[in-house]
Amino acid sequence: MRRDIPPLDEVRRITQKKRDAWWTVILVDPVATPLVRWTAMRTGITPNQITWGAFLLGLVSAGFFALGDWQWLVAGAVVYHCSFILDCMDGKVARLTGTGSVFGAWLDFVFDRIRVMACAVALMGGQFHRTGDAFYIWAAVAVVALDTLRYINGLEIFKIRHTMRKQIKVRMRAARRAENEAELAFMEDLLRENPEADIEQDLQKTRSEQGVPEAPETAVPAPRRQVIDLHQEFRGKFPAYLRARSFLLRHRIRTHLVSGIEFQMGVFMIGPLFDVVLPATIVSGALLLVFELAIIYKLLLSTRDFTRTIDSFEERKLIAAA
């Protein structure tokens, strides 16, 4: 038994993400985190072995779904959730024990996509055999397509945001060398530490414009840093979003309320448990599309903030050269 594994509260701090899907925060982490600590202390199971276990359980779930009758749907839903708990545990064990790997991350991603595909085909195929309704065949195609869309879109948006941040950092480093500028920070990073950071930044800006002295308790962390906010236009258009977002982040819940995780749970848990596979799939798919479109719109507004930020560097360069 390993004696270097910390107490449960410390394990939570190390292994749980600062922002995660609400399904994971509420229904998975309370079970997965104690299991992670027990696994790390009392077994030699590796993260990759846990990934394999999650994948194999997912295939068992698909087998239950294929049988079609409601009692097998319930069994499939329960096993699918157990598979998802294991799927969340592999990364936590890797973070806790320092045994993560690039290959393990690839394996986890690929197995997740195969599990969704297998369960979608099995679930909808079982219901087609049970009812004879050909719409279930199209539902299987839709589930696989939406799952693929979600993760491709997520990866591409991450790449674009990373590219924007990289370009801004390059410009800022050049400006700092020329003008001895203060350190750069991004609002997204400040929000991970303080969910109220953007609200405080707005209040600070308003006080400054009105000539009101800044209150120490409302200062954004590391106030001497220049904060680049690539979501300023979005926040300006939807001010009510800020309070809701701050509340969710204080509870570790990300504002993307229907992501790939909630979509999967709607299709593979809620639908089978209540024998409403088709309605649950339609509702889950529609909500996923709504949130994906919202993210794309937010990215569009973010690119405008990015363009204005780059233009401001160019203007400062021209002023310095004049």
Across the range 241-254, in residue order, what do the Karplus-derived ³J(HN,Hα) couplings come to in whole Hz, using 6.51 cos²θ - 1.76 cosθ + 1.60 with θ = phi - 60° and x for Gly and Pro?
-> 4, 4, 5, 4, 5, 4, 4, 5, 5, 5, 9, 6, 9, 7
Per its Cα gyration tensor (rounded if a/c is under 1.5, else prolate when a/b beats b/c, else oblate), the range 26-180 is best filed as oblate
By accessible area of protein heavy atoms, probe 1.4 Å, what ranking do VAL102, VAL227 get, highest first?
-> VAL102, VAL227
Per GNM of the chain with C-alpha springs under 10 angstrom, the most fluctuating residue out of THR33, THR303, THR43 is THR43
Can you tell me the FRET efficiency between LEU242 and VAL74 if r is taken as the Cβ-Cβ distance and R0 is 41 Å, rounded to the nearest 0.05?
-> 0.50
The simple spin-label model distance between THR163 and LEU287, using points 7 Å out along Cα→Cβ, in nm, is 3.3 nm
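Taking only protein heavy atoms into account and a 1.4 Å probe, give the accessible area per residue of the range 1-129 in Å². Don't skip to the end; give the middle numbers.
On the way: 6260 Å² over 129 residues.
Counting only protein heavy atoms, the per-residue value for the range 1-129 is 49 Å².
Return the FRET efficiency for the residue pair LEU67, VAL31: r is the Cβ-Cβ distance, R0 is 25 Å, and the value is rounded to the nearest 0.05. Numbers along the way, then the final one.
Details: r = 26 Å, r/R0 = 1.06.
That pair, LEU67 with VAL31, gives E of 0.40.
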With DSSP loop assignment and no more than 11 other C-beta atoms within 10 Å, the trypsin sites (Lys or Arg not before Pro) in the range 243-286 are none
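For ASP4 and ALA105, what is the calculated FRET efficiency with R₀ set at 22 Å and r taken between the beta-carbons, to the nearest 0.05?
E between ASP4 and ALA105, to the nearest 0.05, is 0.35.
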Once both labels are modelled 7 Å past Cα along the beta-carbon direction, what's the THR148-THR131 spacing in nm?
-> 2.4 nm
A 1.4 Å probe over the protein heavy atoms gives the range 45-179 a carbon and sulfur accessible-area percentage of 70 percent
How much mean residue ellipticity at 222 nm does the chain get from its helices, if each DSSP H run of length 4 or more adds -39500 (n - 2.57) and you divide by all residues, to the nearest 500 deg cm²/dmol?
-> -25000 deg cm²/dmol
Quick one: grab Rg to one decimal and Dmax as a whole number for the chain, Cα atoms only, in Å.
-> 23.4, 77
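The values are calculated or read from the model by the stated rules, or taken from the named source; none is laboratory data. All values derive from a computational prediction rather than experimental measurement. FYI the Cβ positions are ideal-geometry reconstructions off the backbone, even for glycines, and counts take in every protein chain you see. Protein only, heavy atoms only, side chains kept; ligands, DNA and RNA dropped before computing areas. Shrake-Rupley method; radii C 1.70, N 1.55, O 1.52, S 1.80 Å.
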